[in-house]
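Reviewing the structure listed below.
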Amino acid sequence: MAQIEKVGVLGAGLMGHGIAQVAAEAGYAVVLRELDDATLARGVGKIEKQLARAVEKGRASQEDADAIRGRIEDTTDYGALAACDLVIEAITESLPLKLEMWKEVDGIVKPEAVFATNTSSLAVIDQAATTSRPTQFVGLHYFNPAQVMKLVEVVRCVTTSDAAFDAALEFARSEKKLAIPTQDKAGFIVNRLLVPYMLDAIRAYEEGVGSVQEIDEAMMAGAAHPMGPLTLADFVGLDTLGSICDVLFDEFRERRFARPPTLRKMLSAGWYGRKSGMGFYDYSGESPAPNPAF
Ligand code: CAA
């Protein structure tokens, strides 16, 4: 397997911009590709803001921050990915869109490159099988915010070769991440446990166990979690949570993975959590306030 030097990242959204930043910080040349200029500029803007903050806090010199930014080529052109040794997709969590994207990218990127998906729940094999290189396909699942969270789940699907899997493990470790190998089972390790926990918090609210804030504060103070489960659901994105639980429910047919009615109604209202400005909390002001609907 060729040495990884150049990394392509597809999607500059919530996950993609962070994945690109982490790779550039680890010294890789990065090509960050988005569909349109406005979304690309938003993703790059977030990276630049994080780098400026690192300089301000004395965690990086201005020179280092400039070098990291300089390693990221941002583009809307798939052609810029041609020479990448590894391509990680972090586009919308929709299988048809991912398959369409891989068909295009497969014909452009050099044949020896490894492909990876950052999917949080879809089967890796379904994407691998659509490319001409199913042996060179893995899951690389980062956590939000990718710049901060230590873990990367490295997912082997039935077709993944040892060489591609080892290259992916090595790559994640070179980014100073804790790389945990796992199998291609819906939700992998973390979401299989974390998603039913967030859904149970919503059910606890529905059953009147506590208010939104009480449930969050209880888990922070009683279990030392950095965020309560409903704040976390808003942080992950309620639309993302909804799609993950649908995949898990389809796979396992267990009630614990089913969408609670409150989540269904919030999604119908367009409340996707922090990203849309409204979820269990209202994010339109200086700091999050309770959503008056609850
Ligand atoms: N990007 C980059 N850096 C960020 C950041 C972001 N979006 N958010 C916070 N940080 C950095 C800050 O810069 C800060 O570093 P410095 O102090 O050195 O500047 C550090 O993280 C701590 O941030 P804050 O002081 O602002 O806030 P905090 O201490 O409350 O930490 C948090 C924020 C790291 C997000 C913390 O609340 C946390 O760990 N929450 C839980 C996150 C979690 O569980 N993520 C997994 C979600 S599940 C998932 O992602 C999988 C999936 O498939 C759905």
Original post:
In the stretch 1-106, what percent of the accessible surface is made up of carbon and sulfur (1.4 Å probe, ligands and nucleic acids excluded)?
Top reply: 48 percent
Subject >> Paired Rg and Dmax values of the stretch 51-116, which use every Cα atom, in angstrom >> reply: 15.9, 44
Subject >> Largest-first ordering by accessible area, 1.4 Å probe, given options S276, S94 >> reply: S276, S94
Original post:
Taking only protein heavy atoms and a 1.4 Å probe, what accessible area per residue, in Å², does the stretch 45-105 have with all protein chains in place?
Top reply: 55 Å²
**OP:** Enter the Cα centre distance for the pair the stretch 137-151 and the stretch 189-231, rounded to the nearest angstrom.
**Re:** 22 Å
**OP:** Please give the solvent-accessible surface of M266 in Å², to the nearest 10, using a probe radius of 1.4 Å with every protein chain present.
**Re:** 10 Å²
Original post:
Largest first, what is the accessible-area ranking of W271, W102 with a 1.4 Å probe?
Top reply: W271, W102
Original post:
Applying the Karplus parametrisation 6.51 cos²θ - 1.76 cosθ + 1.60 with θ = phi - 60° to the phi angles of the stretch 78-92, what ³J(HN,Hα) value in whole Hz is obtained for each residue in order, glycine and proline being reported as x?
Top reply: 4, x, 5, 8, 3, 8, 6, 8, 9, 10, 10, 9, 9, 8, 3
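In whole percent, what relative contact order does the chain give with Cα contacts below 8 Å and a gap of six or more residues?
Reported as a whole number, the value is 13 percent.
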Subject >> Overall dimensions of the stretch 174-294 as given by Cα atoms, namely Rg and Dmax in Å >> reply: 14.9, 46
Original post:
Along the charge dipole of the chain, Cβ charges K/R +1 and D/E -1, which of F171, G210, S121 sits furthest on the positive end?
Top reply: G210
**OP:** Could you calculate the FRET efficiency of A289 with A52 from 1/(1 + (r/R0)^6), where r is the beta carbon distance between them and R0 is 30 Å, rounded to 0.05?
**Re:** 0.60
Original post:
In degrees, nearest 10, range 0 to 90: what is the angle between the Cα axis of helix 212-223 and the longest Cα principal axis of the chain?
Top reply: 70 degrees
Original post:
Given a 1.4 Å probe and every protein chain left where it sits, what share in percent of the accessible area of the stretch 191-287 is carbon and sulfur?
Top reply: 52 percent
Original post:
How about K46: which lysines have a C-alpha closer than 26 Å to its C-alpha, ignoring those fewer than 8 places off in the same chain?
Top reply: K6, K57, K98, K150, K176, K177, K275
Subject >> Electrostatic dipole magnitude of the chain [Cβ: Lys, Arg +1; Asp, Glu -1; Cα centre; debye, to 20] >> reply: 400 debye
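Quote the Stokes-Einstein diffusion coefficient, in whole µm² s⁻¹, for the chain, based on the Kirkwood radius over alpha carbon pairs, a temperature of 25 °C and a viscosity of 0.890 mPa s.
My calculation gives 123 µm²/s for D.
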Subject >> Cut-off 20 Å (backbone N to label point 7 Å along Cα→Cβ of K176), residues of the stretch 60-97 >> reply: 60-72
Original post:
Near K265, which aspartates and glutamates are there with a Cα under 17 Å away, not counting those fewer than 8 places off in the same chain?
Top reply: D200, E206, E207, D234, D239, D246, D282
Original post:
How long is the stretch 56-157 along each principal axis, judged by its Cα atoms, biggest number first, in Å?
Top reply: 46, 28, 22
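Once the other residues with Cβ under 12 Å from the Cβ of L230 are scored (Lys, Arg +1; Asp, Glu -1), what is the net sum?
-4
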**OP:** Sorted from largest down, give the three principal axis spans of the alpha carbons of the stretch 126-175, whole angstrom values.
**Re:** 33, 20, 14
Original post:
In square angstrom, what is the accessible area per residue of the stretch 191-287 with a 1.4 angstrom probe?
Top reply: 50 Å²
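The values are calculated or read from the model by the stated rules, or taken from the named source; none is laboratory data. What you see is a predicted model; the values in this text were computed from it and never measured. Counting neighbours? That spans all protein chains shown, and the Cβs are built from the backbone with ideal geometry, glycine included. The area values use the complete protein model at the heavy-atom level, side chains included, leaving out ligands, DNA and RNA. Shrake-Rupley method; radii C 1.70, N 1.55, O 1.52, S 1.80 Å.
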